Amino acid sequence: MHLHKYEKIWLTFGIVCLVAFLSIVGVNAFAQDHTPAGGMHTIDPEKVRETAPFNEPGVKQLDDDTYQATIIASAFAYDGGQTLQVPAGKEIIFKLTSTDVVHSFTIDNTNVNMMVVPGQVTTKSYTFKEPGKYLIICNEYCGTGHHYMYTEIEVTE
Amino acid sequence: MTKKKQEHEENLKGTLISVFFVGFVIVAMWVAVYLMYLSQ
Amino acid sequence: MLAAADRKLALWNIGVAYTAFLIGTLAGLLQVFIRNDRLELPAWLDYYQILTAHGVLLALIFTTFFIFAFFISGMSKSLGTFGPKVLLWNWIGFVVMLTGTVLATVMIVIGEASVLYTFYAPLMASPWYYVGLALFVVGSWIMGFALVGHYMKWKKANRGELSPLFAFMTVTTIVLWVIACLGVVATVLFQYIPWAFGWVDTINVELSRTLFWYFGHPLVYFWLLPAYMAWYTVVPKILGVPVFSDSLARLAFVLFILFSIPVGFHHQLMEPGISDFWKFLQVVLTFMVIIPSLMTAFSMFANFERAGRKNGGKGLFGWFTKLPWKDLRFTSIFIAMAFFIPGGAGGIINASFQLNEIVHNTLWIVGHFHITVGTPVAMTFMGLTYWLIPYLTGRKFSNTMKKLGFIQIGLWSVGMLLMSTAQHILGLLGAPRRTAYSGYNGHESALEWFDGILTNHVTMAVGGSILFLSAMLLLYIVIMSAFVSPKAVEPDEFVEFPLAESDKRATPKFLENWWLWIGMAFLLIIIAYAIPIAQMIQHAPPGSRGFITW
Ligand code: HEM
Ligand SMILES: [Cu+2]
Ligand SMILES: [Cu+2]
């Protein structure tokens, strides 16, 4: 098997780029804690409202710099307690689950893009940089009302 | 032997430049989205 | 010319493929207008029903039937006429596949299966939808095995010889397909069907998603490899050069068997139930599968440069102007390849772990697969269609047809450029995919999606309309070539099957050692999947009952 000299140059360049991409996202994810939404906690999808923390959906302050937002997704709405309101510059831990089909919880103009799967609890930590009213939409098809499934989160100073 | 091979290696300079154009597209698009990721 | 029986088989496959293409592209046209709020559907028709039809008919049915038509013609051409057994099993497979297709399509049309082509549980379609999909896959296996049987007969008759490149690549693609389908067959047979018929009450959702995506990623390589086959074996012939490197072509293909399967988690990066470690491991494996495509890029440009220089092209880029641009068979596939440059680059972004947060389930993804499967693959198939149908029917391909063909690919290119660019940018702005028109109560983020310059739903609709026009023109050419154009009489009126010479003297024999590659593929699959799947089963939450939310 003979490789042309230029092909060697090209493949070397390509592989170096791929390794660089992987290293950049790897360091950013694991060393700087920017892993995507996930989590290994399970829950009975029929008993969501009886199971903590989903028995009390809403925003709760955990300590000075951390808040937890517990939200339930169902066709075709989100239940996050009264109104979703969190401060900018603090770590917000979003915790979601679904009582029926798969949904998403996607906050526009942020990196929060979580799949919400029945039987599982999805977690994502995010710190808002700017205050404002952010649109939240479901971007995973969940039924006829899918395009009406949205809400808003208010980020305060 | 290696010398001889070199001589016979055909001229594929245009190919090299073309694939590097592909490489440029890959890197440019990736970096753009990565910067967007960092900014939001 | 091929034996009449083999041609008939291939033509029937093409017939089904383009029937699906007709309905599928019509659905596409409706979609772009609905998303732009320019069309309201009657009460009995739903956006998501149309979208299910579009995904199933174009991504599964059109592609698979066309791929088999191409395989059948090329295998008969390069290994000889099919024996009676090979023919019989091909027909059986074809009928099973067609039965599954019709069953699934009927379920979509009567509104019992608006679950999209990914049918994520616990959305529960009619059980017959899943039965239809299962039959479709089983039928494709039967056809695949029949073709492998034809190959084995040739191998027996030519002991110790490497098979022709086309046959090698066909077998590679079938091997990939069979291993890939194990996942979807497992979930459909053991999870969805018992659950949808009510034999069991609940389903393990995360497991079903994982088994689906174990299949879902190699599925895209099942579309891509036949296009690559055309790029490797057909294009050089049109250019008048031999295959650039037989051994590298084969190496690229076996790398696809190894690395296109243990990577499905890159579609599940945003979801719970899979730990970051396993997600990232599969991200790394995904990056491995980029390498054979980098090799392919080099081979393609090398073909062009060689051919152009042979035609007298001078200097660094003189060869480029000397390519056979007036040859529809070449230009169509060249454009297809060009679209794959941003298409592939976008794929690297999608697979880059947390970068997926920016694009996951946004219109970017829709833009992405229309410039991977929707153009590089589909337009390569168009480029093949122009000569394959006349070749199979023995009809002429007139100059008028050629001109129409150029208009057709031109329209497709412009339409796709508009539609996919708009979709990519809209996706970066956050507009979701798989979503009917919604103003989100006039939220300003959503309003943005409708009034950029290039980046709005109008551009998408204009692009979609041009695409539809192109699709109809193509169908006209298909019908003409299949039934109407005059039969070729003079020798120079016959259309040929362009298949390049491939010098396999320097090709190492181990490349055709299938057990080696299949064994390594399973090893990688076990490494990537065994532990996370075992965890999903052991630590499964109580399952989900079915929901019909449409
Ligand atoms: C007339 C040409 C076409 C038009 C106008 C068109 C338009 C569209 C649009 C607007 C969507 C996104 C809908 C949404 O997410 O809400 C879509 C989805 C899709 N298209 Fe096309 N398309 C065309 C051709 C093709 C071709 C040729 C293929 C593949 C061979 C294809 C494969 C797909 C797939 C797989 C989806 C995703 C379906 C899903 O999300 O379940 N399309 N198309
Ligand atoms: Cu939804
Ligand atoms: Cu994939």
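Listing for the model above:
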| quantity | calculated |
| --- | --- |
| Residue count, segment C:338-364 (criterion: at the interface with another protein chain (Cβ under 10 Å from one of its Cβ atoms) and either among the hydroxyl-bearing types (S, T, Y) or touching a residue at least 60 places away in the same chain (Cβ under 8 Å) (or both)) | 16 |
| C:Q423 being in contact (Cβ under 8 Å) with a residue 40 or more places away in the chain, more than 30 Å from A:Y134 (Cβ to Cβ) and of a type outside the set (S, T, Y) | no |
| Residue match in segment A:16-28 (condition: facing another protein chain (nearest Cβ under 7 Å), in contact with a helix residue (DSSP H, G or I) (Cβ under 8 Å, 6 or more places away or on another chain) and under 16 Å from A:V121 (Cα atoms)) | no |
| From the options C:L22, C:L51, C:L60, residue that is open to solvent by 10 Å² or more (accessible area, probe 1.4 Å), within 16 Å of ligand 2 (Cβ to nearest atom) and assigned to a helix (DSSP H, G or I) | C:L51 |
| Residues within segment C:9-42 that are more than 28 Å from C:T455 (Cα to Cα) and either small (G, A, S) or under 23 Å from the mean Cα position of the chain (by Cα) (or both), tallied | 12 |
| Residue match in segment C:257-274 (condition: open to solvent by 10 Å² or more (accessible area, probe 1.4 Å), closer than 21 Å to C:E357 by Cα and in a helix (DSSP H, G or I)) | yes |
| Any chance C:P242 is under 26 Å from C:A17 (Cβ atoms) and either modelled with pLDDT of 95 or more or more than 7 Å from every other protein chain (Cβ to nearest Cβ) (or both) | no |
| Residue within segment C:403-415 that is modelled with pLDDT under 95, more than 9 Å from every other protein chain (Cβ to nearest Cβ) and within 16 Å of ligand 1 (Cβ to nearest atom) present | no |
| Pairs, first in a helix (DSSP H, G or I) in segment C:506-518, second of a type outside the set (A, V, I, L, M, F, W, C), C-beta under 7 Å, six or more apart | C:L511/C:S247; C:L511/C:R250; C:E512/C:S163 |
| Unique residue being open to solvent by 10 Å² or more (accessible area, probe 1.4 Å) and either away from ligand 3 (no atom under 16 Å from the Cβ) or in contact with an Asp or Glu (Cβ under 7 Å, 6 or more places away or on another chain) (or both) when the list is A:E140, A:E130 | A:E130 |
| Where a residue in segment C:206-224 is under 11 Å from C:G264 (Cα atoms) and within 16 Å of ligand 2 (Cβ to nearest atom) and its partner, wherever it lies, is aromatic (F, W, Y) and open to solvent by 10 Å² or more (accessible area, probe 1.4 Å), with Cβ under 8 Å and at least six apart | C:R209/C:Y120 |
| Residue match in segment A:128-136 (condition: touching a strand residue (DSSP E or B) at 6+ places or on another chain (Cβ under 6 Å), closer than 22 Å to C:Q268 by Cα and away from ligand 1 (no atom under 16 Å from the Cβ)) | yes |
| Members of segment A:106-157 found to be touching a Pro at 6+ places or on another chain (Cβ under 7 Å), more than 7 Å from chain C (Cβ to nearest Cβ) and among the aliphatic types (A, V, I, L, M), listed by number | A:V155 |
| Members of segment C:261-277 found to be facing chain A (nearest Cβ under 8 Å) and within 14 Å of ligand 3 (Cβ to nearest atom), listed by number | C:Q268, C:L269, C:M270 |
| Residue list for segment C:481-495, filter: closer than 13 Å to C:L388 by Cα and open to solvent by less than 80 Å² (accessible area, probe 1.4 Å) | C:S481, C:A482, C:V495 |
| Any chance A:Q82 is more than 7 Å from every other protein chain (Cβ to nearest Cβ) and more than 16 Å from ligand 1 (Cβ to nearest atom) | yes |
| Test for C:G374: is it under 21 Å from C:A59 (Cα atoms) and in a helix (DSSP H, G or I) | yes |
| Checklist (1) within 30 Å of C:S544 (Cβ to Cβ); (2) surrounded by fewer than 19 Cβ atoms within 10 Å (Cβ to Cβ) applied to A:A37, failing item | (2) |
| Every residue from segment C:496-532 that is closer than 29 Å to A:G38 by Cβ and either within 14 Å of chain A (Cβ to nearest Cβ) or surrounded by fewer than 16 Cβ atoms within 10 Å (Cβ to Cβ) (or both) | C:F522, C:L523, C:I526, C:I527, C:A530, C:I531, C:P532 |
| Any hit, segment C:63-77, residues being open to solvent by 30 Å² or more (accessible area, probe 1.4 Å) and touching a residue at least 24 places away in the same chain (Cβ under 8 Å) | yes |
| Of the criteria (1) charged (D, E, K, R); (2) in contact with a helix residue (DSSP H, G or I) (Cβ under 6 Å, 6 or more places away or on another chain); (3) away from chain A (no Cβ under 14 Å), which one C:K310 fails | (2) |
| Residue, nearest to ligand 2 (Cβ to nearest atom), within segment C:412-439, restricted to residues that are of a type in the set (S, T, Y) and buried (at least 22 other Cβ atoms within 10 Å of the Cβ) | C:T435 |
| Test set (1) more than 18 Å from C:G463 (Cβ to Cβ); (2) within 11 Å of ligand 1 (Cβ to nearest atom) - C:N350 fails condition number | (2) |
| Sole residue being modelled with pLDDT of 95 or more, open to solvent by less than 10 Å² (accessible area, probe 1.4 Å) and either within 16 Å of ligand 3 (Cβ to nearest atom) or out of contact with any helix residue (DSSP H, G or I) (no Cβ under 9 Å at 6 or more places or on another chain) (or both), chosen from A:V112, A:V116 | A:V116 |
| Residue in segment A:64-73 that is at pLDDT 95 or above, assigned by TED's automatic domain parsing to the domain that holds A:N111 and open to solvent by 30 Å² or more (accessible area, probe 1.4 Å) present | yes |
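The values are calculated or read from the model by the stated rules, or taken from the named source; none is laboratory data. Model, not experiment: these values are computed from the prediction. Please note: Cβ atoms are built from the backbone with ideal geometry, for glycine as well, and neighbour counts cover all protein chains shown. Each accessible area value is taken on the protein alone, full model and side chains, heavy atoms only, with ligands, DNA and RNA left out. Shrake-Rupley method; radii C 1.70, N 1.55, O 1.52, S 1.80 Å.
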